[in-house]
Structure formats: structure tokens, C-alpha cells
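*Asks:* Take this structure, written in C-alpha cells, and hold onto it; I'll ask about it next.
The values are calculated or read from the model by the stated rules, or taken from the named source; none is laboratory data. It should be emphasised that the depicted structure is a prediction, and the values quoted were computed from it without experimental measurement. Every residue, glycine among them, receives a Cβ derived from its backbone with ideal geometry; neighbour counts consider all protein chains shown. Side chains are part of the model used for accessible areas, which takes the heavy atoms of the whole protein and leaves out ligands, DNA and RNA. Shrake-Rupley method; radii C 1.70, N 1.55, O 1.52, S 1.80 Å.
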Amino acid sequence: MSKRHFPSNESMTSLAFRLNMMDPIILEVSISSLAEWSLRRQYSPALEETRCKSAMRLIRLVRDGLEQPGPVSDATLIGMMALSWRPANCCPHVGPMRGLFRDIGIDHLGGHENLAHYEFAEESWAAFLYFLNMRGGIETVDLGGGSESFTLADNMNAAVTGKAPTIDLCKPFQHVFKTWLPQMRPPLTEAATFPVDDDFKELLLDLRICCQEIEEYTIRVKKLGSTGSTSMVVPYQNIVQHRLMSLRQKDNGIGSDTAGSAEGICRAATLVFTLGVTFPLPRAEPLANAAAGLGQAMRNSSSIPNRRFLFWAAMLGAIATGAAEVSAASEGNESAKHSYLFFLDQTRRLRGELGLTTWDAAKALLESFVWLDAACDEGAWKVWTQSLRPSQAAAGK
């Protein structure tokens, strides 16, 4: 069983067992969810019957909970959230999911592996938010693990849809954000390479801490042969993703309000990095959409003097879209191929402007921003080697 701990230091195994014994709604949520996830791996008539019966019992329990006088209970809210999810209209495990970013084995830590197969039914989620706000918001949730589950679900929905989160960070994550992260965070001078304001620099420094936690976790797994405690990986990845998605977005478009600006490019590039590395999802659309937003932002970047920063952003875009170029011929996805060639040409041009002649020099530049070797190096090396060749336009001439 999982050894993951919440900030309360209670293991997931202990927490899940205790909550299932406490309330019938939570028990039905567990039964129906496990049956649903098992059906995604292998169909079984018995599992289908179990899922349907459990879902019907859950609907009745939630309806009874809503009829009770006073604010709705924590368990009823969890039941409403579970009923808000529906299977996503996508094929999560078909085609490249994270471009050339390498899978480093953290998909299962925050439930991403399963939750990303689903999306919110808008009307049901709106009803859930209404009752949550009527009782005072997420700060009033006392059930262990409940507020964390709400934050994770909202984060997942924001990452998939590209919209801002609708729920504030829960109490345990707020404690980490306000107490632990400031103590761990390096001085702002270490983020001087980023042409953004101080608040954004703090977020980027926290993202570096998240990468360090992931790196230490993967090293422990490799050495010990078991996952052990994930330490602060899950809180950090959720806090960073929540803050990133909460940055101002007009017209629900990543970077659309500051297209061509350093801030807009940095936000889009950081989103590409999180969806490819620290907050990975087992479906292709979120990363592809983020890469498209980055490409749109970079098409008007000629006036930005920080070419080192632009090289980092272009490299991330090329890594995110690199696998699409390989599969474009067989799938007929010419737009994906053009996106990759755009980033590759940007990488090639900026490499020449910066005088980068060796991979070691390029790697040192990339690491001065935000980088995780295990996830990025392999894809970046492929992009680098291709950038040394003439562009298709030059070859044609």
C-alpha cells in the first residue's frame, strides 16, 4: 500500500481506512471509484454491477445529506465531488502524452494517473462549489484528507481545462506555503535570470524546490527499491500548480493577456514545464495546449533582450512537441509537426545568437532557469542535436 503522507503525517493507508469506517458516503465513494478505475483496466460484468449499485447508493446518501438542516457535512461534500466527475472525452493512453519529457515515475503520487481520466460535469461541480461556499469555504472542512482532495481535484481540473482554480489552497497546503516554503526558499537573487516580477520569481524558486524534492524521491526509490515516504513532493507540486494557474488569465487563454511579453512567455513556458515534469497528466491535450500557448506567445518575442531566457523557453516548447513531429507522418497531424519545427527553428536561431557551440554550455544555460535532469535531459539532447542541422528552409535554398 502507499506510504504517502499528508502534511498531518498520517499515512494514506491509515487515513483511507479510518474515513471509510467513519461514514457510509466515503465508503461508497471508495467502492465506486475503485470499481470505475478497475474497469478502465479490464472490463468485468461483476465490477460494472458493483459500480452501478454503489453509485446509486451514493446518490441516495448525498440526497439525504442535502435534506438535513444546517450546513452540509464534509462527507456529503465529498460525495458531491465524486458525483461531479465523469469520464473524459479523450483517450488518455493513446499517443505521446508528454512529448520528449521523460516519465520519472511520479504520476501516481497525487492520484494524477487516475483522476486525469475524468473531468467535471459543470452543473454538478457548480452545485458542489455553491454548498461549499455556503458553509464558509474550504477553511471550514475538518474531515481529514477532505480539503486536500478538494484542492487536488480543483488543481487537476484547472490543469486540464487551462482555467484558473476555483478553490483556495486548503489549510495544510496554506501552512506549507506560508511556513515551510519561505524557510526553504532561496533569495530572490537566485531567480534573477527570469525577467518577471518578485511574486513570480518566488513561485519559480518554489518550483525549483519542488524539483529538488522530486529528485530526492526518485533517488530514494532507485536506491531502496521502494517508494518510502514522498516527503513534501505532493504538497509542493500542488501549491506550485495552484499558484501558477491562478495567475491572471484573460479570455481563458494561457498568456493571451501578455502575448509577446516576457511575463506571458515565462508563464506559458513554466506551465509547459509543470505539465511535462512536476504535475504530469496521463493525457496529451493539456501539455499540447500549453505548448500551443507558448508558441503563440513567442511569435512576437523579437523585442525581448534576454535571449538566454528565450532559449530556455524555446527548448521547453521543442521538448513538449518533439514526439508529435515523429508521429505526424503516420497520424497526418501537420499542425503538431509545424509547432515542433517552429520551436526547433527558434532554438537553432537563439543558439547561434548566444554562441552556444557545445551541449555542456547549453545545459549550463538551461539549468540556470528551471530544470530537472532526469525528465528533461534526454529530450533536450535530441532537440540540441537536431538544432545543429540546417533548418528545412535553409536546406531548401
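*Asks:* Would you pick out the residues in the range 347-364 that are within 16 Å of G379 (Cα to Cα) and in contact with a helix residue (DSSP H, G or I) (Cβ under 7 Å, 6 or more places away or on another chain)?
*Replies:* Once the filter is applied, which keeps residues that are within 16 Å of G379 (Cα to Cα) and in contact with a helix residue (DSSP H, G or I) (Cβ under 7 Å, 6 or more places away or on another chain), the range 347-364 yields T347, R348, W359, A362.
*Asks:* Related question: Quick check on the range 86-124: of everything there that is open to solvent by 20 Å² or more (accessible area, probe 1.4 Å) and hydrophobic (A, V, I, L, M, F, W, C), which residue is modelled with the highest pLDDT?
*Replies:* Per the stated criteria, the residue is L100.
*Asks:* Okay, next question. Which count do you get for residues in the range 125-156 that are among the polar types (S, T, N, Q) and modelled with pLDDT under 85?
*Replies:* 2
*Asks:* Another question, if that's okay. Specify the residue that is modelled with the highest pLDDT; the eligible residues are those in the range 295-328 that are open to solvent by 60 Å² or more (accessible area, probe 1.4 Å) and assigned to a helix (DSSP H, G or I).
*Replies:* Filtering first and then ranking leaves R308.
*Asks:* On the basis of being under 24 Å from G379 (Cα atoms), modelled with pLDDT under 90 and surrounded by fewer than 24 Cβ atoms within 10 Å (Cβ to Cβ), does R220 make the cut?
*Replies:* Yes, satisfied.
*Asks:* Let me ask something additional. For residues that are open to solvent by less than 30 Å² (accessible area, probe 1.4 Å) and of a type in the set (A, V, I, L, M), tally how many sit in the range 24-38.
*Replies:* The number of residues fulfilling the criteria is 4.
*Asks:* I need the full set of residues from the range 266-287 which are charged (D, E, K, R) and either more than 19 Å from A153 (Cα to Cα) or open to solvent by less than 10 Å² (accessible area, probe 1.4 Å) (or both), in order please.
*Replies:* Result: R267, single match.
*Asks:* Working carefully through the options T140, T151, find the one that is more than 30 Å from G293 (Cβ to Cβ) and either in contact with a Cys (Cβ under 8 Å, 6 or more places away or on another chain) or open to solvent by less than 50 Å² (accessible area, probe 1.4 Å) (or both).
*Replies:* Of T140, T151, the one residue that is more than 30 Å from G293 (Cβ to Cβ) and either in contact with a Cys (Cβ under 8 Å, 6 or more places away or on another chain) or open to solvent by less than 50 Å² (accessible area, probe 1.4 Å) (or both) is T140.
*Asks:* Looking at the range 158-175 only, could you name the residues that are assigned to a helix (DSSP H, G or I) and either surrounded by fewer than 22 Cβ atoms within 10 Å (Cβ to Cβ) or small (G, A, S) (or both)?
*Replies:* Listed by number, the residues that qualify are A158, A159, V160, T161, K171, P172, Q174, H175.
*Asks:* Scan the range 185-197 and report the pairs whose first residue is in contact (Cβ under 8 Å) with a residue 40 or more places away in the chain and whose second residue is in a helix (DSSP H, G or I) and of a type in the set (A, V, I, L, M), with Cβ atoms within less than 7 Å and a gap of 6+ or a chain change.
*Replies:* From residues that are in contact (Cβ under 8 Å) with a residue 40 or more places away in the chain, the pairs are F194/L204; P195/A262; V196/A262.
*Asks:* Also: Scan (1) more than 27 Å from E213 (Cα to Cα); (2) modelled with pLDDT of 80 or more; (3) in contact with a Lys or Arg (Cβ under 9 Å, 6 or more places away or on another chain) for the single condition A164 breaks and write down its number.
*Replies:* Exception for A164: condition (1).
*Asks:* Residues in the range 16-34 that are at pLDDT below 80 and over 24 Å from the mean Cα position of the chain (by Cα): how many?
*Replies:* 7
*Asks:* Let me spell it out: the conditions are (1) surrounded by 13 or more Cβ atoms within 10 Å (Cβ to Cβ); (2) in a helix (DSSP H, G or I); (3) at pLDDT below 95, and Q183 meets all of them except one. Which number is the exception?
*Replies:* (1)
*Asks:* For E331, all conditions in the list (1) open to solvent by less than 70 Å² (accessible area, probe 1.4 Å); (2) at pLDDT below 90; (3) among the charged types (D, E, K, R) hold save one; what is the number of the exception?
*Replies:* Unmet for E331, out of (1) open to solvent by less than 70 Å² (accessible area, probe 1.4 Å); (2) at pLDDT below 90; (3) among the charged types (D, E, K, R): (1).
*Asks:* I'm trying to understand the selection: among the residues of the range 360-373, which are open to solvent by 50 Å² or more (accessible area, probe 1.4 Å) and either in contact with a His (Cβ under 6 Å, 6 or more places away or on another chain) or of a type in the set (A, V, I, L, M, F, W, C) (or both)?
*Replies:* A364
*Asks:* Would you call L83 aliphatic (A, V, I, L, M), surrounded by fewer than 21 Cβ atoms within 10 Å (Cβ to Cβ), part of a helix (DSSP H, G or I) and at pLDDT 90 or above?
*Replies:* no
*Asks:* Output yes when any residue across the range 124-144 is of a type outside the set (D, E), under 21 Å from the mean Cα position of the chain (by Cα) and part of a loop (DSSP other than H, G, I, E, B), and no when none is.
*Replies:* no
*Asks:* Look at T278 and say whether it is under 17 Å from I106 (Cα atoms), polar (S, T, N, Q) and at pLDDT 90 or above.
*Replies:* Considered against the rule, which asks whether it is under 17 Å from I106 (Cα atoms), polar (S, T, N, Q) and at pLDDT 90 or above, T278 comes out as yes.
*Asks:* To continue, here is another question. Which of the residues spanning the range 346-359 are within 14 Å of S302 (Cα to Cα) and open to solvent by 40 Å² or more (accessible area, probe 1.4 Å)?
*Replies:* R349, E353, listed by residue number.
*Asks:* If I ask for residues that are loosely packed, with under 15 Cβ neighbours inside 10 Å and among the small types (G, A, S), which ones from the range 125-136 would you list?
*Replies:* Within the range 125-136, A126, G136 meet the criteria.
*Asks:* Filtering the range 45-70 down to residues that are of a type in the set (D, E) and under 17 Å from A35 (Cβ atoms), which residue is surrounded by the most Cβ atoms within 10 Å (Cβ to Cβ)?
*Replies:* Looking at the filtered set, the residue picked out is E48.
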